[in-house]
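Structure, as structure tokens:
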Amino acid sequence: MKNEAVPTVRQPVHGLRDKLRPGRFAGRVIIWAFLLAVVVFTLFPLLMTFTGSMMTNAELMSGGNLIPSKWQFANYAEAWQQSNFARYTWNSLFMSVTSTVGTLLVAAMAAYVVDRRSFPGKALFVGLQASMMFISMGAIVLRPQFDLMVLLGLNSSLWGVILILISGHASTFFILSGFYKSIPRELDEAAMMDGSGFIRTFFRIIIPLLAPGLGVSGLFAFRHAWNEYILPLVFTLTDPHLQTLTVGLANLRYGSSAAMQTNLMMAGACLSMLPMLLVYLLANKSFMQVTAGSIKG
């Protein structure tokens with residue numbers, strides 16, 4: 001009995017000694033130090049933006065304090081009024097939501113056809129999609145895009161920006177392609193045997209199963225559209241009422257007296273973060289499902 005009890009008593013001691021080995025302990029310290037540094041470098045700019053939005057412009061530009069001497073909550077009301085926040089927020093929401101829905105629809109249909117069907121030029125299509133992920137579009141194609149929208153009569157409308165954002169769906173295409181591989185093809189075959197067509201199978205059976213992938217992809221697409229600046233700036237030059245929130249925030253840089261109003265810009269930036277936080281909370285369930293599925297797999 002004593003010989004059987006000895007390993008039971010000493011086993012936790014050996015486990016504790018393994019955890020306290022110098023090499024393993026040093027490795028854990030390095031990992032935690034790295035993670036702490038990442039958290040600091042991520043949250044510090046956000047904290048500085050929030051505290052700066054609560055200062056007067058003179059106090060902020062002096063750079064002497066990290067914490068406001070007096071919290072200026074009126075900066076948010078002033079930023080809302082000066083930048084026409086309600087109008088610009090509606091424009092940003094309209095552009096972001098519409099482009100996100102269009103991107104998900106186009107990318108989901110394209111990825112489904114590529115994954116489930118064989119057709120001439122399939123490899124070329126996938127190669128073009130992949131190449132678009134490594135080419136910085138931006139100013140390179142801005143002039144051709146604008147000329148194309150002039151021909152379509154959309155050069156002074158947010159619909160031109162929406163069409164351009166939808167066309168840049170390469171990353172969403174490959175994200176959803178990975179999710180399609182986890183959906184058994186037997187479901188498609190069973191639906192076809194029951195008389196369901198290709199399109200009906202896609203919308204009635206495949207799309208509900210693709211919900212986690214659509215949530216994750218939708219968050220990325222919405223964030224990209226919400227933060228877009230150059231396209232809305234160019235396409236709304238002739239009609240300031242169509243400007244989005246990112247363009248409107250830039251107008252807060254200088255007030256009526258031509259003085260830089262950095263505190264109001266920071267207040268507007270804090271307000272512009274709220275929709276993104278709301279979208280993340282709505283898409284958080286999709287992230288949890290993806291994480292749980294990857295661990296289970």
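Return the FRET efficiency for the residue pair Val38, Phe73: r is the Cβ-Cβ distance, R0 is 45 Å, and the value is rounded to the nearest 0.05.
0.90
FRET efficiency for Leu128 and Thr262, Cβ-Cβ distance as r, R0 = 51 Å, nearest 0.05?
Rounded to the nearest 0.05, the efficiency is 0.75.
What ranking do 241-248, 104-111 get when scored by the average of other Cβ atoms within 10 Å per residue, highest first?
With the highest mean Cβ count within 10 Å placed first, the list reads 241-248, 104-111.
Where the centre of each part is set by its Cα atoms, how far does region 147-181 sit from region 108-130, in angstrom?
With region 147-181 and region 108-130 each reduced to a Cα centre, they are spaced 17 Å.
Using a 1.4 angstrom probe and counting only protein chains, how large is the accessible area of His224 in Å², to 10?
110 Å²
7 Å from Cα along Cα→Cβ at both Ile30 and Leu66: what's the point-to-point distance in nm?
2.8 nm
Using each residue's phi in region 118-134, evaluate 6.51 cos²θ - 1.76 cosθ + 1.60 at θ = phi - 60° and report the 3J(HN,Hα) Karplus result to the nearest Hz, with x for Gly and Pro.
Values, residue by residue: 10, 8, x, x, 4, 5, 5, 4, 5, x, 5, 4, 5, 5, 5, 6, 10 Hz.
The values are calculated or read from the model by the stated rules, or taken from the named source; none is laboratory data. Bear in mind the structure is a predicted one, so any value in this text is a computation, not a measurement. Virtual Cβ from ideal backbone geometry, glycine too; neighbours counted across all protein chains shown. Remember, those area values only see protein heavy atoms, side chains included, never the ligands or the DNA or RNA. Shrake-Rupley method; radii C 1.70, N 1.55, O 1.52, S 1.80 Å.
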